[in-house]
Structure formats: C-alpha cells, structure tokens
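Structure first, then comments.
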Amino acid sequence: MNLLNVFRKDYASAARNITNLVCSRVLSYFQVWKGSIITVNGVRLKIDRRLSPLMASILRSGHHSMPEIAMVLEDLEKDDVVMELGGGVGYTSTRVAKKIGSNRVYTFEANPELRSLMEENFRLNDVRPTAETCMMGHKAGSAEFTVARHFWSSTNVPGFTAGRTIQVPVLSLNEKIREINPTFLYMDIEGGERELFDGLDYHHITKIMLETHPHIIGDEETNRVLTQIQKAGFEINRTIENCYLFKRNRLGGNLETTGREKNQPVGDGISVDRNKWRFDGDVPGRFDRHVERSIPGYFAGHEIVVKLARHRLSKEGVCYDLGCATGTLTAQLAACADPRTTLIVGLDQVPGMLAIARERCTPYANVSIEQADITAYDFLPSCVIVSYYTLQFVPVTMRPGLVKRIFNALEDGGIFLLFEKICFADPVTDKKVNDDYHAFKKSQGFSDEEIISKAESLKGILVPQTESQNLEMLKAAGFSKIKGIFKELCWQGYLAQK
C-alpha cells in the first residue's frame, strides 16, 4: 500500500511537471505567433515571430543571462560607462540604462535581425542606449557570422552551429574603446572572446563581466583567455557557472592605494589595504584566533579531517597539508600518525606562518614544514592530501591542473580532503547566505566596519566557486567517489577518494 502511494505521488508530480512544461511551451508558441509584450524583472519585452518559441519561453521565465546580469548590477556604479558586446534583444542594456542612464550605455550586436527588436524594447522601456549592428575585431572590415534559430547560439565561430551565414561589418575594438572610454566591459559573444583579448587596449576599463563558452572554443582556449585578462592586471572577483567578474587592481601595472583604502581594521588587531589581503606581517601571530572567529566550525573541521585520515596515517605513507599556515592541523595529523612509517608534510609560502608551524610541530620527528608554491610542487606518492581552505586562494584557471596533480599523486585508495568557501549560482540564495554569514561574524564580535573591510580586502584574492563547480573539478581530475563531509553557511568540505 505504501509503495502504491509513493507511485501515485511520483506519477502526480511528473504529470504536473509535464503539464506545466507543455502549457509553457504552448503559451510561448501563441505569444510568438500573435505577438505580445511581457514584463521580466521590470523590463518590458516584445515577443513575436522574430524569436523562436524556446527563446520566448526562456525570456519569459526571467532566467536568460540571470547570473551575470545580477553580478553586473550589483557592481554597477553611477559613474560607470558600460560597453556591451552581444546585445541580443536589449534586455541587459535596458536594465543597465535604467540604473545609470542611457547616455552611459553602448551596446553592440552582430545579428542584424535583432536590431529592430532591440530598438522596440528600448522604446517600450523609455531608454536610449547607443546601439550598433556589428562585430568587434582587431581591425575594421567584415567577417562571416552564423545566424542561428535561437539567437543565443549565433556566433562567428565556424562550424559550431547550424544556421544562415552572412557577412557583417567589423569595427576595431581598440578604436571603439578609445572613443567610448568605458569603465565596464560586458561580453557574451558565444566564443568570439577567443581572439578579442589578444592585444586588447584596456584603457580606462576597471571591470569586466565575461561569459565564457568552453563548449564552443574548448577548455584550453577558455583558460588562455582568463589568464590573459589576469596578466593584464585584473583579478577574478566572483564567478558563477561560466561567468567571471574581473576587477582591475593595477592600472598601467600599478593601482595605487588611496589613503582611504589603506590600513583598514578587520579584527583581532589586523589591518589591511583594500583588495590587498596578505598572510604576512602581523597576521601569523593573530591567525588562529582570527580564523576561528571568521569561519564557522573551523576547528570542528580539523576534527573531521583527523578522524577521516587517522586510519590511513597508521600505515606507511606520506600526508600533505597544503597551505598549513601556523601548523595547527599539521600537528594534529602528526599526533595520530605512526612516526616510524608516516611522513607529514606541511606546505606554505609565508615565512611568518612557517616559523610558527615549525615551532608547533617540534615534538613530532615525522613532520617536515616546507616553504613551497603548491601550484608548482612535485608531490610524492601520498595516502592523504589535505587542502583546508587553501585552494580558494589559487587562481581559478590553475585549480583544475593542481587537483589533477593531487589525484595523480594519491595512491589507490588515497583520499583528498578539500575544504572551501563556496558561492551560489542563484543570486537570491547567495545574498541570503552572505547576509547570514555577516550575522555570524557579528555574533563573534566583529564590527560592521571590520566585516566590510575584510570582505573588500579579499575581493579578487579569495575567489569561491559553486558546489557544482567544485564537484565537476574533482570529477574531471579523476575522482569518482566524492562525498560532502561538512557544511556551514558558505563553507563546505568534501572527501574525494582515488
């Protein structure tokens, strides 16, 4: 009888989902055929036969470009000048223009079939961003562009999508940047980003929102693009799915810190500059107290790591503690290991941290504390590797390679214990969790000023990924047995076994 009830509930749920999907699709076909106006997040949009029913359905749902638009609007300032490549139907440029004014928004769309729809949407919302129908390139001219049925798939990358190939005008991106003087570059051009950052003149650009398309240009090319931007003096501030928000910290190679941004208190007697969090100076001596108050369940996580590693440390092998800091966890791992057969290696780059770690681990003959860059370290065959809130400080583009090397270093049955700060793809959830985290820090005695200053100091330095991004990274490295072992607000731990 219970099984029958379960079946009935599952059948009813599936039936409702199918009904909702069918109704949504039928409504989209009707709106496209008849022509109608919908309102999405305060933006009025024209829906007609210039759009596919699927595209109409996605626009109506409000999910189109949701993650990157949320990040752009959050970081948009009233004096920004926005240059958008990939204007689509004008949804993003309309939302931006509503916030900072039409005269500060420039949008460029290669698909000429969308121009009339974009202009109608501008009129519906009483905004007038400057719009041009063209592609961007290194020099002016013309190029082939494939117009797909669903406009989000239209691209200049040959062979990626089915559609009609046309010739479109190309403008020099560097010349346009000099003409417009944008501060915020927004780019979603279906793989066209592959070449545009080669020799790009960033000029006065301080923020970049880039949606990458590894399914079109591949992971290697995507990582090359991200690395190019970072080498130009930008750091990843936030990332959701394939969307990256960069902020420029070094204009012309050196962004000077103003007096207002210097020596901001973050608690426990630590002061840092904005966007300049460092682990040296006064931090090592105050680190343990500060991190205990900053991360919920910080030392409880140590107990979980030791409990899971204990069995393997009783046998012959090597255990690494990556980013060992003051050696608190390193010493606990050494205490439960067989000193005759197990070597515990703590790796860090900060001399002040290493000095404290060496002193703390003095009682354990089987501990080696080494100054090393973990992204270039040659790991020995290992039974346990621990990354306790360390990988989040490694550049995003370098993380997959490092995790792959960790997987290769582990012996069969070996475990990788990864603890990370995470973010959430849904902006509403992300904000709620961050508000809860702010409340937690307040409960630990931090002032609002200290909490905000700490967050500012870590922007572009601590870059969290979503849970799904972390899991995909572990799977791509070769791990097939992955389990969540800890979660408090935006802090999560995983056990990955080889």
(message) Can you find, within region 266-290, the residue that is farthest from the chain's Cα centre (by Cα) among those that are farther than 16 Å from I452 by Cα and either touching a residue at least 40 places away in the same chain (Cβ under 8 Å) or crowded, with 17+ Cβ neighbours inside 10 Å (or both)?
(response) G285
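Hey, could you check region 360-380 for residues that are small (G, A, S) and in contact with a strand residue (DSSP E or B) (Cβ under 7 Å, 6 or more places away or on another chain) and say which is farthest from M398 (Cα to Cα)?
As a first pass, look at region 360-380 and keep what is small (G, A, S): 365, 368, 372, 376.
Right, trim to in contact with a strand residue (DSSP E or B) (Cβ under 7 Å, 6 or more places away or on another chain) and you get 368, 372.
Details: S368: 25, A372: 16 Å.
This residue is S368.
Evaluate the following for I385: is it over 23 Å from A325 (Cα atoms), assigned to a strand (DSSP E or B) and either assigned by TED's automatic domain parsing to the domain that holds R224 or modelled with pLDDT of 90 or more (or both)? Steps first, please.
Values: over 23 Å from A325 (Cα atoms): no; assigned to a strand (DSSP E or B): yes; either assigned by TED's automatic domain parsing to the domain that holds R224 or modelled with pLDDT of 90 or more (or both): yes.
Answer is no for this residue.
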(message) I'd like the residue in region 399-424 that is in contact (Cβ under 8 Å) with a residue 60 or more places away in the chain and of a type in the set (D, E, K, R) and, out of all such residues, is surrounded by the fewest Cβ atoms within 10 Å (Cβ to Cβ).
(response) D412
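Using the structure shown, decide if A162 is surrounded by fewer than 16 Cβ atoms within 10 Å (Cβ to Cβ) and farther than 22 Å from V463 by Cβ. Full working, then the answer.
On the way: surrounded by fewer than 16 Cβ atoms within 10 Å (Cβ to Cβ): yes; farther than 22 Å from V463 by Cβ: yes.
The answer is yes for A162.
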(request) List the number of the failed condition for T429; all other conditions in (1) part of a helix (DSSP H, G or I); (2) closer than 20 Å to I385 by Cα hold. (result) (2)
(request) Give the residues of region 469-498 that are within 18 Å of K431 (Cα to Cα) and without any contact (Cβ under 8 Å) to a residue 60 or more places away in the chain, sorted by residue number. (result) K487
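Return yes when V396 is touching a strand residue (DSSP E or B) at 6+ places or on another chain (Cβ under 7 Å), in contact (Cβ under 8 Å) with a residue 60 or more places away in the chain, buried (at least 18 other Cβ atoms within 10 Å of the Cβ) and farther than 23 Å from I270 by Cβ and no when it is not. I'd like the intermediate steps shown before the answer.
Values: touching a strand residue (DSSP E or B) at 6+ places or on another chain (Cβ under 7 Å): yes; in contact (Cβ under 8 Å) with a residue 60 or more places away in the chain: yes; buried (at least 18 other Cβ atoms within 10 Å of the Cβ): yes; farther than 23 Å from I270 by Cβ: yes.
When the stated conditions are applied, V396 passes them.
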(message) Go through region 439-457 and report how many residues are in a helix (DSSP H, G or I) and either under 24 Å from I236 (Cα atoms) or in contact with a strand residue (DSSP E or B) (Cβ under 9 Å, 6 or more places away or on another chain) (or both).
(response) 11
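Residue-by-condition table, conditions (1) touching a strand residue (DSSP E or B) at 6+ places or on another chain (Cβ under 7 Å); (2) not assigned by TED's automatic domain parsing to the domain that holds R289; (3) not in a helix (DSSP H, G or I):
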| residue | (1), (2), (3) |
| --- | --- |
| V306 | no, no, no |
| H311 | no, no, no |
| C324 | yes, no, yes |
| L329 | yes, no, no |
| A337 | yes, no, yes |
| I344 | yes, no, yes |
| L347 | yes, no, yes |
| R358 | yes, no, no |
(message) So, in region 45-92, exactly how many residues are in a helix (DSSP H, G or I) and either modelled with pLDDT under 80 or in contact with an Asp or Glu (Cβ under 7 Å, 6 or more places away or on another chain) (or both)?
(response) 13
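Take L495 and tell me if it is under 13 Å from Q392 (Cβ atoms) and buried (at least 16 other Cβ atoms within 10 Å of the Cβ). Outline the logic, then answer.
On the way: under 13 Å from Q392 (Cβ atoms): no; buried (at least 16 other Cβ atoms within 10 Å of the Cβ): yes.
No; evaluated as a whole, the condition is false for this residue.
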(request) Write out, first by first residue and then by second, each pair whose Cβ atoms fall under 6 Å of each other, whose residues are 6+ apart or on separate chains, and whose first residue, in region 214-231, is without any contact (Cβ under 8 Å) to a residue 40 or more places away in the chain and within 19 Å of S154 (Cβ to Cβ) while the second is polar (S, T, N, Q) and part of a helix (DSSP H, G or I). (result) P214/T222
(message) Checking the condition farther than 23 Å from V396 by Cβ, outside the structural domain of F246 (by TED's automatic domain parsing) and buried (at least 20 other Cβ atoms within 10 Å of the Cβ), which residue from K454, K441, K481 passes?
(response) K441
(request) Only residues that are buried (at least 18 other Cβ atoms within 10 Å of the Cβ), over 13 Å from L45 (Cα atoms) and either at pLDDT below 95 or out of contact with any strand residue (DSSP E or B) (no Cβ under 7 Å at 6 or more places or on another chain) (or both): list them for region 105-128, please. (result) E109, A110, N111
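What residue, of R164, R194, is more than 23 Å from I69 (Cα to Cα) and among the basic types (K, R)?
R164
For the condition under 20 Å from T239 (Cα atoms), among the aliphatic types (A, V, I, L, M), touching an Asp or Glu at 6+ places or on another chain (Cβ under 7 Å) and at pLDDT 95 or above, what is the one hit in L391, L418? So that I can check it myself, show each step before the final result.
Numbers: L418 fails: touching an Asp or Glu at 6+ places or on another chain (Cβ under 7 Å).
None of the others qualify; the one that does is L391.
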(message) Just to be sure before I move on: is N156 touching a residue at least 40 places away in the same chain (Cβ under 8 Å), over 29 Å from the mean Cα position of the chain (by Cα) and surrounded by 14 or more Cβ atoms within 10 Å (Cβ to Cβ) in the structure I sent?
(response) no
(request) Just need a number here: residues in region 180-212 that are in contact (Cβ under 8 Å) with a residue 40 or more places away in the chain, aromatic (F, W, Y) and under 23 Å from V157 (Cβ atoms). (result) 1
(request) Out of G493, G414, G460, report the one residue that is within 24 Å of T326 (Cα to Cα) and in a strand (DSSP E or B). (result) G493
(message) Based on this model, can you work out whether K459 counts as under 30 Å from H311 (Cα atoms), within 17 Å of the chain's Cα centre (by Cα) and either surrounded by 13 or more Cβ atoms within 10 Å (Cβ to Cβ) or modelled with pLDDT of 90 or more (or both)?
(response) no
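The values are calculated or read from the model by the stated rules, or taken from the named source; none is laboratory data. All figures in this text were calculated on a predicted structure; none of them were measured in a lab. Neighbour counts run over all protein chains shown; Cβ positions are idealised from the backbone, glycine included.
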